[in-house]
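Accompanying notes for the structure given below.
The values are calculated or read from the model by the stated rules, or taken from the named source; none is laboratory data. Everything numeric here is computed off the predicted structure, so don't read it as measured data. All Cβ positions, glycine included, derive from the backbone under ideal geometry; neighbour counts span all protein chains shown. SASA here: full protein model, heavy atoms, side chains in, ligands and nucleic acids out. Shrake-Rupley method; radii C 1.70, N 1.55, O 1.52, S 1.80 Å.
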Amino acid sequence: MSKLDITTKYDPSLTEDKWYAYWMEQGFFSSNPDEREPYTIVIPPPNVTGVLHMGHMLNNTIQDVLVRRARMQGKNACWLPGTDHASIATEARVVAKLREEGIKKSDLSRKKFLEHCWDWTHKHGGIILEQLKKLGASCDWDRTKFTMDDDLSESVIQVFIDLYEKGHIYRGVRMVNWDPQARTAISDEEVIHKELNSKLYYVRYPIEEAENEWITIATTRPETILGDTAVCVNPSDPRYANLVGKRVVVPMVNRSVPIIADEYVDMEFGTGCLKITPAHDINDYEIGQKYGLETIDIFCEDGTISEVAGLFVGEDRFRARELANEKLKELGNLVKVEDYLNKVGYSERTNAVIEPRLSLQWFLRMKDLADPALKAIMDDDVLLYPPKFKSTYRHWMENVKDWCISRQLWWGHRIPVWYLQDGKYVIARDEDEALEKAKVVSGNPDLYLSDLKQDEDVLDTWFSSWLWPISVFDGIRNPENPDIKYYYPTNDLVTAPEILFFWVARMIIAGYEYLDEKPFHNVYLTGIVRDSERRKMSKSLGNSPDPLELISKYGADGVRVGMLLCSPAGNDLLFDESLIEQGRNFGNKIWNTFRLFNGWTVDNSIPQPEDCQLAVTWFEARLNQAIEVLDDQYSKYRLSDAIMVVYRLFWDEFSSWYLEAIKPHFGEPIDALTYEKTRGFLELLLQLLHPFMPFISEEVWQKIRSRNPGESVMISTLPDINGFDKDLLERFERIKEVIVFVRSIRAEKNIPARDKLSLKVFAMEDDYRGVFNPILMKLANLDSVEVVDNHSEGAITQVIRSVEFAVPLEGLVDPVEEAEKLSKELEYAQGFLESINKKLSNERFVNHAPDQVVEKERQKQSDTQSKIKGIMEQLKRLK
């Protein structure tokens, strides 16, 4: 092979776009059903409004590693990309944009507003997917889906109708989590609870028909007093036993309400008296239902005070709290105000404080549907990595509540319900079907479409994404089509623990309900990307770097490696830019190693030296050992450990030891056999590296030998494990330590590297075989290695794995200085041995520690005893 003219420094900007375009042109990412084993991942669809953030970087790097490896295993790999229409987030963005243009949503028809939403989607919807290409994501882009695509939308509507007809979907007034900013209900899982320093207001209510008698309540929300319809005490509380059945007057509004008794009341909280506001607290609502209390809704949809309240009408709820405080003071009803730490619910989407609110909504009964999904996880039919999340999953599923699936928005899948003027309704796929059904229901064949009105609400975004692994392969509409039969169930899902319930669990529910099969085999749960202070990365905190800027600075491969180096499954990733830099430096190491190899001159006429033949034998075994470990790490989804296996194999074993062992002397050629073996090793290493570092592995793989058009490392076949000699590897590890020992003597004694030394080995014949002596002599620059049957006089010795190695230094060192140094080493070794002996004399440790841990301590004991003996022998000889 002729030498290539390659640049001194690797520049990712010159290779990444080039090779991504090549992969796309060759169709390497495309997948269609065939006779091969399928490997399928569906991307967790990012919001159509989104741009790439650090969480996406981690999640999609992991997916790409798994997909690229499967492709190189000969599987038909399909990574299906797409985006989510994100009802709340997208509508909020569009409303904000219109506001900037001086347009209110309320001024637009639904049709006109949706035109603005589609314009926004078409403008911004593809941004994040294009950004993923910069990361190297090998998705089948021809299969890209959007949750509002016609086929996926039809699937959503079909499922709604099916579940309604099965009796699982119903309509009712319930207490919901209301987002006043988005003006919609949201699910429990979309509420983020934060601890806040609040105030606890103590307010006294006058007892009706009693002079100067009061009952005092404690509340964090004095503005809701306007909606009170009872005061409740615990029936076991002797303080208020005589008051039960009497009535009190609600301050500010002078409403007469009863004093009731219920065990729900905590006698220890506040005063032990609870104001009951059924319209604005879920627990109060349940008490109100139990005792038939009036429900007074004092809030409008936007969180302002309604006319029903009678006071503070039109004021924002937080301003109303201030006004209520002032009013209660003025009336003499405010007893005191205390600081109070409590948890407050916030909308995950808008960060608005959630308002519990009674609302007419559509719900999905979950209990019966959830049972198969619970069993799937608990029986390990679907595996969670790490498995510690099984208990969390079980808790959620055993306590599952009905799912509020309606949202008071316009952007999304409109609920397929049409109302007749008499309040009856029909469920239908479209207007034509609705009209025909309405004629039957009403008994009026002369009905017109104008006599019907479709439900204004849309379905929760998760009601479409829970079908994602099925609907993207058209498995709802056409459950027998070739794609769903081939690709489903998918193999791996990579996602975050915080959506384990309201996405992962629901997908499992849908899988069993519609295909009687799980949607995926494995769920890899990533951690949250945090900064060095363990804060979640966010734009608002200013602690999240721009992923594209990182790629521009360090290259995509460097970013991918850096993210993986600190991302154990299920544990948070503490982002450190130095790790990204380490990833880039690893790329430079790969490039420089290739440059070294490329710079060698090959001589076909010279035989393979013995040291090279031995190095080849050793590295072949070491490579097979690493592949075995690597396969095990992949099987356990320990990708951070897997990248370190390849990292160390390339950097430490191949570059530092193997290449040093075979490297020809300066200006001399290398034999052809060793050169070809080395080229083969480098190719195998590039294959192992490719899932993690696709760009530089392709660049070097293409250059390392002549390639034909259409060839690529990404479609080459990963090597199989061919077995390896563990004893051979163990012996080479000892040789490494001996070489380090000799080199350390040179450094300590200032002995030039060009000066040859000799080495004496004191061991039983079976304990040391000189198999690797040629490599030892070359790398330690020795003129001889001699096995002796006694200790060497005037030599520096070290016991390495129960064998004593000695380097005679007669005439090279000062005996007095050497004796002082050895005495210090002896003192340290004796102290170390004493600590080991104490541990091994502890019966509790010996009897309860794992066997391998105890055995390791005993090996340390034996090695230290041998070392002490060797040092004492050296001191004796020096004297």
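Where residues in the stretch 249-258 are open to solvent by 30 Å² or more (accessible area, probe 1.4 Å) and assigned to a loop (DSSP other than H, G, I, E, B), which of them is farthest from Ile207 (Cα to Cα)? Taking the candidates together, the pick is Val253. Looking across the stretch 335-380, just one residue is modelled with pLDDT of 90 or more, of a type in the set (Lys, Arg), in contact with a strand residue (DSSP E or B) (Cβ under 9 Å, 6 or more places away or on another chain) and outside any strand (DSSP E or B), and that is Arg365.
Considering only residues in the stretch 572-598 that are free of Cβ contacts under 8 Å to residues at least 60 places away in the same chain and outside any helix (DSSP H, G or I), the one that is nearest to Leu4 (Cα to Cα) turns out to be Asp576. Scanning the stretch 464-490 for residues that are of a type in the set (Val, Ile, Thr) and closer than 18 Å to Ala505 by Cβ yields Ile470, Thr490. Can you tell me which of (1) modelled with pLDDT under 90; (2) open to solvent by 10 Å² or more (accessible area, probe 1.4 Å) is the one Ser187 doesn't meet? Unmet for Ser187, out of (1) modelled with pLDDT under 90; (2) open to solvent by 10 Å² or more (accessible area, probe 1.4 Å): (2).
Counted as qualifying within the stretch 415-516 are the strands (runs of 3 or more DSSP E) with 1 or more residues that are open to solvent by less than 20 Å² (accessible area, probe 1.4 Å), of a type in the set (Phe, Trp, Tyr) and touching a Leu at 6+ places or on another chain (Cβ under 6 Å), namely 417-419. Screening the candidates Glu628, Glu620, Glu676, Glu668 for the property of being at pLDDT 95 or above, over 38 Å from the mean Cα position of the chain (by Cα), over 22 Å from Met563 (Cβ atoms) and open to solvent by 60 Å² or more (accessible area, probe 1.4 Å) yields one hit, Glu676. The set of residues in the stretch 775-821 that are in contact with a Phe, Trp or Tyr (Cβ under 9 Å, 6 or more places away or on another chain) and of a type in the set (Gly, Ala, Ser) comprises Ala780, Ser792, Ala806. Does any residue of the stretch 14-26 turn out to be in contact with a helix residue (DSSP H, G or I) (Cβ under 6 Å, 6 or more places away or on another chain), acidic (Asp, Glu) and touching a residue at least 12 places away in the same chain (Cβ under 8 Å)? Scanning the stretch 14-26 turns up at least one residue that is in contact with a helix residue (DSSP H, G or I) (Cβ under 6 Å, 6 or more places away or on another chain), acidic (Asp, Glu) and touching a residue at least 12 places away in the same chain (Cβ under 8 Å).
Being within 55 Å of the chain's Cα centre (by Cα) and crowded, with 17+ Cβ neighbours inside 10 Å narrows it down to one residue among Val853, Val846, Val803; which is it? Going through Val853, Val846, Val803 in turn, the sole match is Val803. Among the residues of the stretch 738-781, the ones that are within 17 Å of Gly794 (Cα to Cα) and of a type in the set (Gly, Ala, Ser) come to 1 in all.
Among the candidates Asn722, Asn708, which residue alone is open to solvent by 50 Å² or more (accessible area, probe 1.4 Å) and either at positive phi or in contact (Cβ under 8 Å) with a residue 12 or more places away in the chain (or both)? Only one candidate qualifies: Asn722. Name the single residue, out of those in the stretch 1-35 being assigned to a loop (DSSP other than H, G, I, E, B) and small (Gly, Ala, Ser), that is least open to solvent (accessible area, probe 1.4 Å). The selected residue is Ser31.
For Trp410, the criteria (1) part of a helix (DSSP H, G or I); (2) more than 26 Å from Pro519 (Cα to Cα) hold in every case but one, which is (1). For the residues Ala261, Ala241, the requirement of being surrounded by 15 or more Cβ atoms within 10 Å (Cβ to Cβ) and among the hydrophobic types (A, V, I, L, M, F, W, C) singles out Ala261. Would you say Ile735 is touching a strand residue (DSSP E or B) at 6+ places or on another chain (Cβ under 8 Å) and surrounded by 13 or more Cβ atoms within 10 Å (Cβ to Cβ)? Answer is no for this residue. Considering the stretch 541-565, and only residues there that are assigned to a loop (DSSP other than H, G, I, E, B) and open to solvent by 30 Å² or more (accessible area, probe 1.4 Å), the residue that is modelled with the lowest pLDDT turns out to be Leu541. Could you look through the stretch 290-325, keep only residues that are of a type in the set (Lys, Arg) and under 27 Å from Val265 (Cα atoms), and pick out the one that is most open to solvent (accessible area, probe 1.4 Å)? Top of the filtered list is Lys290.
Taking every residue in the stretch 87-99 that is at pLDDT below 90 and pairing it with any residue that is of a type in the set (S, T, N, Q) and open to solvent by less than 10 Å² (accessible area, probe 1.4 Å), at least 6 positions away or on another chain, the pairs with Cβ-Cβ distances below 9 Å are Ile88/Thr184; Ile88/Ser347. Comparison of Ile225, Ile217 shows that the only residue that is assigned to a strand (DSSP E or B), touching a residue at least 12 places away in the same chain (Cβ under 8 Å), of a type in the set (A, V, I, L, M, F, W, C) and surrounded by 15 or more Cβ atoms within 10 Å (Cβ to Cβ) is Ile217.
The condition of being open to solvent by 10 Å² or more (accessible area, probe 1.4 Å), in contact (Cβ under 8 Å) with a residue 60 or more places away in the chain and under 30 Å from Gly27 (Cα atoms) holds for Leu684.
Residue-level check: of (1) of a type in the set (Asp, Glu); (2) in contact (Cβ under 8 Å) with a residue 60 or more places away in the chain; (3) farther than 28 Å from Leu383 by Cα, Glu533 misses just (2). So, in the stretch 265-285, of the ones that are open to solvent by 60 Å² or more (accessible area, probe 1.4 Å) and in contact (Cβ under 8 Å) with a residue 12 or more places away in the chain, which residue ends up nearest to the chain's Cα centre (by Cα)? This residue is Ile282. Return a yes/no flag: does the stretch 36-55 have any residue that is under 22 Å from Gly558 (Cα atoms), of a type outside the set (Asp, Glu), in contact (Cβ under 8 Å) with a residue 40 or more places away in the chain and in a helix (DSSP H, G or I). So far as the stretch 36-55 goes, yes, one or more of its residues are under 22 Å from Gly558 (Cα atoms), of a type outside the set (Asp, Glu), in contact (Cβ under 8 Å) with a residue 40 or more places away in the chain and in a helix (DSSP H, G or I). Anything in the stretch 59-77 that is in contact with a strand residue (DSSP E or B) (Cβ under 6 Å, 6 or more places away or on another chain) and either of a type in the set (A, V, I, L, M) or surrounded by fewer than 21 Cβ atoms within 10 Å (Cβ to Cβ) (or both)? List them, or say none. Hits for the stretch 59-77 are Ile62, Leu66, Val67, Ala70, Lys75, Asn76, Ala77.
Yes/no matrix, rows are residues, columns are (1) surrounded by 16 or more Cβ atoms within 10 Å (Cβ to Cβ); (2) of a type outside the set (Asp, Glu); (3) assigned to a helix (DSSP H, G or I); (4) within 45 Å of the chain's Cα centre (by Cα):
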{"position": "Asn790", "(1), (2), (3), (4)": "no, yes, no, no"}
{"position": "Glu817", "(1), (2), (3), (4)": "no, no, yes, no"}
{"position": "Gly831", "(1), (2), (3), (4)": "no, yes, yes, no"}
{"position": "Ile836", "(1), (2), (3), (4)": "yes, yes, yes, yes"}
{"position": "Leu875", "(1), (2), (3), (4)": "no, yes, yes, no"}
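Of the residues making up the stretch 749-766, none is open to solvent by less than 80 Å² (accessible area, probe 1.4 Å), β-branched (Val, Ile, Thr) and under 30 Å from Leu564 (Cβ atoms).
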